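Here's the structure we're looking at; comments come further down.
Nothing in this text is a laboratory measurement; each read-out follows from the coordinates by a stated rule. What you see is a predicted model, and the numbers here were worked out from it, not measured in a lab. A quick note on method: Cβ atoms are made from the backbone with ideal geometry, for glycine too, and the neighbour counts reach across all protein chains shown.
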Amino acid sequence: MTSPDDIFDRDLHRICDEGINAYLSKFESCSYKFPEGAPCVSRLEALHGHHTSSGGQTAQGPFLREEAWTDERRRLWISEIRLRFSGYYDQFFRGGDNAHGSEVESREHRILEERKTVHTKYHKDWASIRSNKTCLSCLQAVPDHVLGCGHSYCPRCIQELGKSSSHFECAWDMLGCVLCKSPEQERPHLVKLRARCAGVRVLALDGGGIRGIVELILLRSIDDAIGLKIPVRDMVDLIVGTSTGEPIIPKLLPHQLLH
Amino acid sequence: MKDHFWDGVCEVCEKRVSFYNARQCTFCGGKDSSDDPIYCITCTEYGCTTRKNCQEHRASCWDRHIPSQSAKVAAKHRMADPLPELFVKVITHSEADTQKLRQLHEQDENARWLKIRRDNDGRLDLFIYDRFMQECDRSQSGNRKTTYHYPSFVSFIGDTSVGKSTLVRAMLVLGRLYSLSSSSTDQSFSDEAAIDELRMIKEEGIYGPVTRSGNIDHLTDPTTSGVHLYRDVGKAMFKDSHRASTHSGRLTQYPMLLVDCEGFRAGEAMTNAERMESEPGVDSRGRLLSTVGNNRGRSASRQKNLLSQIPVLAPCYGYSGKDGVDLFYARFLYAISDVVVFVTKEDQRIQSELIRVLEWASAAVLKSVNHPSRKTLIIVRNMPSFHDPALYKRDGLEEIYLRGHPNLWDDSPILREFVEGYNRKEERFELRITSNRRLYEVLFKKIRCCYIPRAKEVMGQSHELFEQYKELRSVVELSVRDGNELRELSFMKYNVPTLSHILNRAFQHFSSSEEPFDFYLAARGDNPNPRSMPDHLANFLRHTSEYSSNNDSMYEMVIDVITISLVIYTQRLFESGKSHPDSIQPPI
């Protein structure tokens, strides 16, 4: 039987190590503090001649590394992560040896609950931390969908954390932000995702002067043939038009979108 | 006899007078000599309320010095306008006293932005000083309205002793006079206020760069060391009346930074600025003064405000002595400037000078990416030995300087390579470089010429020189405005902190590489662009460290969030594999 430590050492240790290395090489800031407490804002060790504060103060001195990232502290960090990961692993993945069907769902549910508990524990801190480059909920993908509070989520997290919409296919309702606990006040935030394996549906309208009438007739014929009273614009993801196709686009869009 | 150029003794009443209440006569001297007579213009009639220039009583010393027998002769006696005269004196004043000169250089050291020095082993080091952020408004760090506070660089380059520092000082002093204007849209100022301001500038000791030493011992020495940066305070940088009315205060102004570069072709001669750093001072009794740095050799450099010291590793700058250093300055300044002012005084060498400027420009065009690289070039014919008022006309001077040359790329391998490369890429024949005019168009947005005569040539006619300085200033301002308009159309717009960061990147790039400098990558290179889980983890650590620098308080959160994300990662991995975790065997 594979131990949690083996699982960690196989891949996860590398992820932690490389992540810390990337942070230290690209983003670490000088930890120098001016006597009044203002931090040094001069970035990057390579260009560090002396310390500057955003208030215009300067002081001589080399780049000061954060104490937290000494080799010893770094080892402690990773071993602490390994320890906690082992605990979680035993809790979620060792619960039942033959987890199938409802048991898998139960495990997913328990992980989800734990995830919400951990994240909301720091909701005051999350209120000031936002990123449009990293989904802070999973730290694994670039987020696409921003909630009203400013936190953004990747499609996978939307599916895991949101509630499947009862009104739209392949859409999820986010009932609030799990990071900062801010509820969606008026109505849930609806996120429409592209169905798995679905391509991007593009309606391309050609030019050609009077021949534009051909595509209009064609669109009406398609609309009649489908007969579902769904506007053409809702059947596609993107509409593009050239020349005479361009003035047709506004006719397909709802009034409020145009304004 | 005047003991100071602000005041003197009236030729008639022998009272001490100043430019506020006395004038020189254009007929009785008035040739800018210290011995020229000066006359009171205050009316001495009892009870006169007009006081100055009273036309009713004609009882001032000025009126008495005019012969009364002939109106024709009297008409020749005209008051010299004091403002141009004082302006020219402030601008062209050369300090001869070594002690004062030392003080001036010490003050001017604060304006130094960068400098390249060779150590004892012949290695070049680039010293960067904290000048840019001192001169720019740090509070303007928002991303909005970037165009209103993004500074424009105007670089003055040219050979040593052509008068670059004097020109920079003239532009700065003119900017200060324009800042006196009460109206925000014009550049008018009253003569009295301007004279007061000039007096203040003189009393302050230094405004702008230190110019040529008046000390005979320094006759052969260059002056400026490294590249100095000065912020213009003029009010003239308005986009247009619409913006001036809709945006108040400084937002309507484009800050203009004037760059005074060390003279080219000075060889390894020690500049006066360096001499003042390294020579021991001498007091009034001739004793050696012990000041900081007296015993330093030339290879050392000032530590005050030093931001960073980077070794210059790119081979093109290291192998050819001072020419390599000149090349570095020229390339760097061309890359960042909106306006390049090339100063020359040698008419006969204008063709070779033009080739040199075009070579730098061609290198800059090739070596900067994602940045408007077509600058405005202003060629200043500064203080040449031959004077002709006809050259004041810009068109005439441009005709002489720019036209009539054979194809300039014929004699220059660098330009020939550039032209051939350009023509190969250009499909349309009419856009290819087939003439000098087309070459100018490709390399520069426009080229303007301006003539500044020597003060001696226009002695007694200081207003001519004053007008020429104003003309140059107006050409610079218009060019800066053009540069701003060009930048507004471009995609790349930066605010002051970003520009500071880009400049740091540019220093690093130019000192280590001969490859093109990509402004876009420099601006965005340090922004996170995570593509893998370690990248996202690093970005998360960046966010938390920016949110709170107290690591202990964030420790629990960071450990918890990273651990739970690893659990999610594992869960997703297992789900995608559709297998139980324990069934996954470790790799052999």
With A:LEU253 itself left out, Lys, Arg at +1 and Asp, Glu at -1 over residues whose Cβ is under 13 Å from its Cβ give 0
Given points 7 Å out from each Cα along the Cα-Cβ axis, report the B:VAL12 to A:HIS167 separation in nanometres with one decimal. 9.5
Would you list the P(r) distribution for the stretch A:96-198, with all Cα-Cα distances sorted into 10 Å bins from 0 and each bin expressed as a whole %? 15, 43, 32, 9, 0
What would the Debye formula give as log10 I(q)/I(0) at q = 0.18, 0.24, 0.30 Å⁻¹ for the alpha-carbon point model of the stretch A:202-258, no solvent? -0.60, -1.04, -1.33
Helix-only mean residue ellipticity at 222 nm, chain A, DSSP H runs n ≥ 4 weighted -39,500 (n - 2.57), per residue, nearest 500. What is it? -11000 deg cm²/dmol
Distance violations [Cα-Cα > 28 Å] among B:LYS89/B:LYS446; B:LYS393/B:LYS445; B:LYS202/B:LYS446; B:LYS164/B:LYS445; B:LYS322/B:LYS375; B:LYS345/B:LYS470: B:LYS89/B:LYS446; B:LYS202/B:LYS446
Pair B:ASP411, A:THR242: separation of 7 Å Cα→Cβ label points (nm): 5.2
³J(HN,Hα), Karplus 6.51/-1.76/1.60, whole Hz, each residue of the stretch B:331-336, x for Gly, Pro: 5, 5, 5, 4, 5, 9
Under 15 Å from a point placed 7 Å out from the Cα of B:ASP323 along the Cα-to-Cβ direction: which residues of the stretch B:412-441 have their backbone N that close? B:412-415
Scale the Cα Rg of chain A by the rule-of-thumb value 2.2 N^0.38 Å and send over the ratio, two decimals. 1.45
Computed label-point distance, nm, for sites A:ASN21 and B:GLU430 using a 7 Å Cα→Cβ extension: 5.8
Relative contact order (percent, whole number), the stretch B:362-482, Cα cutoff 8 Å, 6+ residue spacing: 39
